[in-house]
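Asks: Sharing a structure, written as structure tokens. Questions coming.
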Amino acid sequence: MSSLLQKSVTRAALVLLCGGSLLAGAVNANAEVSFKGKTIDVIMGSAPGGGTDGTTRLVGTYLEKYLPGNPSMRYRNIPGGHGAKGLNYFAKAKPDGLTWAGGSSSHTDPNALRKSVVEYDPTKFQFIGGVSRGGSIVFIRKEKLADLTDKSKPEVVVGALDGNRSWEQMIMFGKEMLGWNVRFVVGYPGTSFMLLAVRRGETHMMGTSNLSLLKEMFATGDFVGVAQLGGGNDEANAEARTNFEKIPTFPTLVKGKSTGIMEETFDFWTALNDIDKWYALPPGTPKDVVEAYRTAWDKMVKDPEFIKQGKNLFSVDFTPVAGKVQQDLVQKTAYPRNDIVNHMDKLKEKHGLPVEELTDEQLAAMAKAKGLDKMDVPAIKAKLAAVNKEGREIEFPANGKSFKLEVSSSRTIVNIAGQKAARGDLKSGMDCSIEYIDGTSEASKVVCQ
């Protein structure tokens, strides 16, 4: 064969080879997305046992059922930097649909995103969906309700952590927009201390999203609801919590009370508090893969067993949020305009709240300086008889009685062998010292050997 003929044949073969490759690529590109035989990595920037971990695993269980090909899930908890370590890792994952992450509002909060340890940009994530477990409700001692709107009366005292919780800021907006007659006392070291103070009448007003705590406080007959977070809808009580429909939503109370930068700041804050738990694919994930996940999400949220488990495990107000809605909320709140951030900071300063979130060390020092860490919270020494729901509940005998207490991932301090631990690390048979406020069903501190 002549060299010219050989070159022609070689060139033709290359053309056929390239054409065949291109054709094969086009077939693959147009093929339906399938994860058959695949294992998908699920990244969480939090420790095992918390709300983010629990809801993410529930979502993963049902994605295995509804994603095409029925893949298996492999969960990876990568705590550190308040979630930054895990999400920094996730943001660099290959965008092929074989990795997704579960996160919370704290991971997309603009204050958190300003920190130097954060390398990810949540606005570039492709959100599958989210869940809401019900917002905070603010309550007040009955004898102080009239004083709330009467500035000729002594101020209503509000015990606060550092002013960065949603209910603390709801009261701040109430003071600014509705003229509430309140004064903040900042520096309480935890929810248990604030609960003890308001039950004793040393403070008069506080809030929480915890359903069991709300039921316990209202059951005493000493408290009445003032407002709840709601979802920012125009219709009154459109998103009021189950069993608390008579308590007005805060957006309803302040509707028409602001204009300009104040209105924009409040709208931003409302959207920020509409975010609870979320689930996303990494930046650059192809559209067809995103749609496959969102289609699976749409199917799973119609599954009555998914909703039933969510309500039983997490909250009676467990409500799914569509991926596109979650995407819009994060886009709107992650990186607010400077004038909105500045106005929010000015409101905090004006009403006696810290502008920046306080560290654990700063909170401890402030509580000690004000004597807010001296409250007598009863402690019981006992051996754990059972640890249920991945550490969310503990049972133990003491003083001739059987106790069953809830363990919160955010409010309960857990310490094992002298080290800070997660509630999921608790095991039956451990010898522990358990602190709790009489009349409540949640442990404030669990210290085990």
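Each value in this text was obtained by applying a stated rule to the coordinates, not by laboratory testing. It should be emphasised that the depicted structure is a prediction, and the values quoted were computed from it without experimental measurement. In this analysis, Cβ positions are derived from the backbone assuming ideal geometry, glycine residues included, and neighbour counts consider all displayed protein chains.
Asks: Give the peptides 393-404, 65-76 in descending order of average Cβ contacts within 10 Å, highest first.
Replies: 65-76, 393-404
Asks: For the chain, modelled as a GNM with alpha-carbon contacts under 10 angstrom, which of Thr259, Thr61, Thr270 fluctuates the most?
Replies: Thr259
Asks: Let me ask you something else. What's the angle, to the nearest 10 degrees (0 to 90), between helix 260-273's Cα axis and the longest principal axis of the chain?
Replies: Long axis of 260-273 versus the principal axis of the chain: about 80 degrees.
Asks: Build a GNM of the chain with springs between Cα atoms under 10 Å: which of Thr242, Thr285, Thr203 gets the top mean-square fluctuation?
Replies: Highest fluctuation of the listed residues: Thr242.
Asks: Using only helices, what value at 222 nm comes out for the chain when you add -39,500 (n - 2.57) per DSSP H run of length 4 or more and divide by the total residues, to the nearest 500 deg cm²/dmol?
Replies: -11500 deg cm²/dmol
Asks: Assigning unit charges at the beta carbon (Lys, Arg +1; Asp, Glu -1) and nothing else, what dipole magnitude in debye, to the nearest 20, does the stretch 302-366 show about its Cα centre?
Replies: Result for the stretch 302-366 is approximately 400 debye, rounded to the nearest 20.
Asks: Roughly speaking, what % of Cα-Cα pairs in the stretch 326-449 are separated by over 18 Å, rounded to a whole number?
Replies: In whole percent, the long-distance tail amounts to 64.
Asks: With a cut-off of at most 10 other beta carbons within 10 Å, and DSSP calling the residue loop, which chymotrypsin sites (Phe, Trp or Tyr not before Pro) in the stretch 115-174 qualify? Please list them.
Replies: Passing sites in the stretch 115-174 do not exist.
Asks: Next question. Measure off 7 Å from each Cα along the Cα-to-Cβ vector at Ile261 and Glu361, then give the distance between these two points in nanometres to one decimal.
Replies: Result for the modelled spin labels: 3.4 nm.
Asks: Now, a different point. Can you sort Ser441, Ser315, Ser46 from fewest to most other Cβ atoms within 10 Å of each residue's own Cβ?
Replies: Ser441, Ser315, Ser46
Asks: Next up: Calculate log10 I(q)/I(0) of the chain for q = 0.06, 0.08, 0.11, 0.14 Å⁻¹, where I(q) comes from the Debye formula with a single equal point scatterer on each Cα and nothing for solvent.
Replies: Log-scaled intensity ratios, in q order: -0.31, -0.52, -0.93, -1.46.
Asks: Toward the positive end of the charge dipole of the chain, about the Cα centre and with charges on Cβ (Lys, Arg +1; Asp, Glu -1), which of Ile413, Trp100, Ala367 goes farthest?
Replies: Comparing the listed Cα positions along the dipole, Trp100 ranks first.
Asks: For the stretch 379-448, compute Rh as the Kirkwood radius over C-alpha pairs and then the Stokes-Einstein diffusion coefficient at 4 °C and 1.567 mPa s; write the answer in µm²/s, rounded to an integer.
Replies: After rounding, the answer is 112 µm²/s.
Asks: If you don't mind, another one. Dipole magnitude of the stretch 379-448 about its Cα centre, charges +1 at Lys/Arg Cβ and -1 at Asp/Glu Cβ only, in debye to the nearest 20?
Replies: Using only the charged Cβ atoms, the result is roughly 80 debye.
Asks: Considering the chain as a Gaussian network with a 10 Å cut-off on Cα pairs, which listed residue, Glu239, Glu435, Glu356, attains the greatest mean-square fluctuation?
Replies: Answer for the Gaussian network model of the chain: Glu356.
Asks: Compute the long axis of helix 338-350 from its Cα atoms, compare it with the longest principal axis of the Cα atoms of the chain, and write down the angle in degrees, 0 to 90, nearest 10.
Replies: Roughly 20 degrees between the two axes.
Asks: Specify which residue in the list Pro282, Met344, Leu313 is farthest towards the positive end of the charge dipole of the stretch 275-383, using unit charges on the beta carbon of Lys, Arg (+1) and Asp, Glu (-1), about the Cα centre.
Replies: Of Pro282, Met344, Leu313, it is Leu313.
Asks: Using modelled backbone amide H atoms (1.01 Å from N, in-plane), which distant-in-sequence or interchain residues come within less than 5 Å of Lys445's amide H?
Replies: Ile413, Glu435
Asks: Still on this structure, please answer the following. Evaluate the charge dipole of the chain about its Cα centre and quote only its size in Debye, nearest 20, assuming +1 on the Cβ of each Lys and Arg and -1 on the Cβ of each Asp and Glu.
Replies: Dipole size: approximately 840 debye.
Asks: Can you tell me how the stretch 262-377 classifies by the Cα gyration tensor, rounded, prolate or oblate, using a/c under 1.5 as the rounded cut?
Replies: Oblate is the answer for the stretch 262-377, as a/c is 1.5 or above yet b/c matches or exceeds a/b.
Asks: Still on this structure, I have one more. I'd like the orientation of helix 166-177 relative to the chain: the angle between its Cα long axis and the longest Cα principal axis, in ° from 0 to 90, rounded to 10.
Replies: Once rounded, one gets 70 degrees.
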